[in-house]
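Peer 1: Please find one structure pasted underneath; my questions will follow.
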Ligand SMILES: [Zn+2]
């Protein structure tokens, strides 16, 4: 009898300690604890939407080495959008200094020209998003706390990666597909930089992998080289990728 009482007392104390731990830590328990999700009641498998925020990094914003015009102006919108999703994944361009795509490693080649890489055509870019530099960091206005996971890409010197799903050889996976499918995600919403490159390739792969795919108008902007924007939007139409304001879909 005495033992049982002791055991119950111990259980009670343990429960109280756990409760106070959870209530004290609730702000930080999940990246999205201030969203509609209640962390005490898992909605695993029921919420089938995910947001993918592509490359909102300093080098792709004004002042960066590969700046998208007005790239920073979409960040406040992205921050608002993030609050509506329980599953938020970031991609982060993350290159070594000797990366195949850099103009500094292709002497005589102009920026935005192309070379023939073993995996196909590769655009030459100014050096950007070199890992452990300021340029590779997320923009300071981006509320990174909402990210459930960050997928880094382009970290092998011999191959570039535009898409958040596959490197540019189109076969080497980043792991994002597995992450989304494990979570039973059916629809992906994509925003970020840049519409005509990394957002575009991420959307094409998402659609090919069987996800209903929406690119969020007003939360993405292009690099805009030649016909890249026109080609991107035509591609969306042809492939059945939606492009529109978030309010049209949720
Ligand atoms: Zn890059």
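Just so it is clear, none of the values below were taken in a lab; they were calculated from the coordinates. Keep in mind it's a predicted model, so treat the numbers as computed, not measured. Glycine also receives a Cβ, built like all others from the backbone with ideal geometry; neighbour counts cover every protein chain displayed.
Peer 1: Sort the following peptides by mean Cβ neighbour count (other Cβ atoms within 10 Å, averaged over residues), highest first: 98-109, 236-247, 210-221.
Peer 2: Details: 98-109: 15.5, 236-247: 13.8, 210-221: 21.4.
Sorting 98-109, 236-247, 210-221 by mean packing, highest first, produces 210-221, 98-109, 236-247.
Peer 1: Roughly how compact is the stretch 53-200, stated as its Cα Rg over 2.2 N^0.38 Å to two decimals?
Peer 2: Details: Rg = 15.1 Å, N = 148, 2.2 N^0.38 = 14.7 Å.
For the stretch 53-200, the normalised Cα radius of gyration is 1.03.
Peer 1: Could you check the simple spin-label distance between residue 208 and residue 170, using points 7 Å along Cα→Cβ, in nm with one decimal?
Peer 2: So the two model labels end up 0.5 nm from each other.
Peer 1: Here's something else I'd like to know. What spacing in nm lies between the two simple spin-label points modelled at residue 157 and residue 239, each 7 Å away from Cα in the Cβ direction?
Peer 2: Placing both labels 7 Å beyond Cα along the Cβ direction yields 3.1 nm.
Peer 1: Would you mind calculating the gained length between residue 65 and residue 103 on full extension (0.36 nm times residue separation, minus the Cα-Cα distance), in nm to one decimal?
Peer 2: 12.5 nm
Peer 1: With r as the distance between the Cβ atoms of residue 144 and residue 44 and R0 = 25 Å, compute the FRET efficiency 1/(1 + (r/R0)^6) and round to 0.05.
Peer 2: Numbers: r = 23 Å, r/R0 = 0.93.
In this case the efficiency is close to 0.60.
Peer 1: Could the peptides 60-69, 186-195 be put in order, highest first, of the mean number of other beta-carbon atoms found within 10 Å of their residues?
Peer 2: Details: 60-69: 19.5, 186-195: 25.4.
Per-residue Cβ counts within 10 Å, averaged per peptide and sorted highest first, yield 186-195, 60-69.
Peer 1: Please work out how much length the chain gains when fully extended from residue 230 to residue 80, using 0.36 nm per residue of separation minus the C-alpha to C-alpha distance, in nm with one decimal.
Peer 2: Details: separation 150, 0.36 × 150 = 54.00 nm, distance 2.75 nm.
Length gained between residue 230 and residue 80: 51.3 nm.
Peer 1: Over the Cα atoms of the stretch 124-250, what radius of gyration and what Dmax do you get, in Å?
Peer 2: Expressed in Å, the Cα Rg and Dmax of the stretch 124-250 come to 14.6, 41.
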